[in-house]
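Asker: I am attaching a structure below and will ask some questions about it afterwards.
The values are calculated or read from the model by the stated rules, or taken from the named source; none is laboratory data. Since this is a predicted model, take the numbers as computed values, not measurements. Please note: Cβ atoms are built from the backbone with ideal geometry, for glycine as well, and neighbour counts cover all protein chains shown. Each accessible area value is taken on the protein alone, full model and side chains, heavy atoms only, with ligands, DNA and RNA left out. Shrake-Rupley method; radii C 1.70, N 1.55, O 1.52, S 1.80 Å.
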Amino acid sequence: MLIRVATDEDWPAIWPFYRAIAAAGETYAIDPEITSERARSEWMRTAPGITFVAVGAGGAVIGSACAYPNRPAGGSHIASASFMVDPVSAGQGAGRRLAEHVLTWAREQGFQAMQFNAVVETNAPAVALWRSLGFEVLATVPEAFRHPRDGYVGLLIMYRRL
């Protein structure tokens, strides 16, 4: 598996799984009717942020991550990131590889820590991954996410020093 910086030419490969994940409504608070143009403008980051892709053995893009300062100005020393893996490729390690790559990138950029503002508490694979990489839950915002099957569930604020 190769992790590399995403290019504009990667968007057509990212969009199908982005759209599927948004439509499922289980892990991101994204409008399920979001257009490709709007999604692209939010996901394909420019400096000081960046977007990466995970390319599988067959050469297909199987996941992506975007990383950026968590807040502007006085909060720009803390990084944040978002991750999506094509559901068809789940379990192949793309999420972990992207996460490790993003953590390395954030350290190299001089960020002091990484914070995730809204990890859906029922997203067990993501929560387990972040915990295994040293993230801790700082708080749970109760009933902050409307899950299509589980109803109102919490959003976790997760943090890790770099």
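Asker: Report the net charge of residues surrounding S41, where surrounding means a beta-carbon distance below 14 angstrom and charges are Lys +1, Arg +1, Asp -1, Glu -1.
Answerer: -1
Asker: Considering Cα pairs under 8 angstrom that are at least six residues apart, work out the relative contact order of the chain and quote it in whole percent.
Answerer: Here the relative contact order equals 19 percent.
Asker: May I ask you to order 113-123, 137-147, 10-20 by the average number of other C-beta atoms within 10 Å around their residues, highest value first?
Answerer: Going by the mean number of other Cβ atoms within 10 Å, highest first, we get 113-123, 10-20, 137-147.
Asker: Sticking with this one: Could you give the length gained by full extension between V141 and W15, i.e. 0.36 nm per residue of separation minus their alpha carbon distance, to one decimal place?
Answerer: Full-extension gain reported as 42.4 nm.
Asker: Right, here's the next one. Scattering from the C-alpha atoms of the range 1-116 alone, worked out with Debye: what is log10 I(q)/I(0) at q = 0.10, 0.17, 0.24 1/Å?
Answerer: -0.28, -0.82, -1.44
Asker: With only Lys, Arg, Asp and Glu charged, each at its Cβ (+1 for the first two, -1 for the last two), find how big the charge dipole of the chain is about the Cα centre; round to the nearest 20 debye.
Answerer: Using only the charged Cβ atoms, the result is roughly 420 debye.
Asker: What is the pair-distance distribution P(r) of the range 44-109, computed from all Cα-Cα distances in 10 Å bins starting at 0, with each bin given as a whole percent?
Answerer: Answer for the range 44-109: a P(r) of 22, 49, 23, 6, 0 percent.
Asker: Once Rh for the range 1-69 is found with the Kirkwood sum over Cα pairs, what is the Stokes-Einstein diffusion coefficient at 25 °C and 0.890 mPa s, in µm²/s?
Answerer: 197 µm²/s
Asker: Looking at the chain, what % of its DSSP beta bridges pair antiparallel, to the nearest 5?
Answerer: In the chain, DSSP labels about 95 percent of beta bridges as antiparallel.
Asker: What part of the accessible area of the chain, given as a whole %, is carbon or sulfur when the probe is 1.4 angstrom?
Answerer: Carbon and sulfur together cover 52 percent of it.
Asker: Report the Rg/Rh value for the range 115-162, based on alpha-carbon coordinates and the Kirkwood definition of Rh.
Answerer: 0.99
Asker: Whole number please: convex hull volume per residue of the Cα set in the range 69-144, in Å³?
Answerer: 107 Å³
Asker: Express the accessible area of the chain per residue in Å², computed with a 1.4 Å probe while the remaining protein chains stay in the model.
Answerer: Accessible area per residue, the chain: 52 Å².
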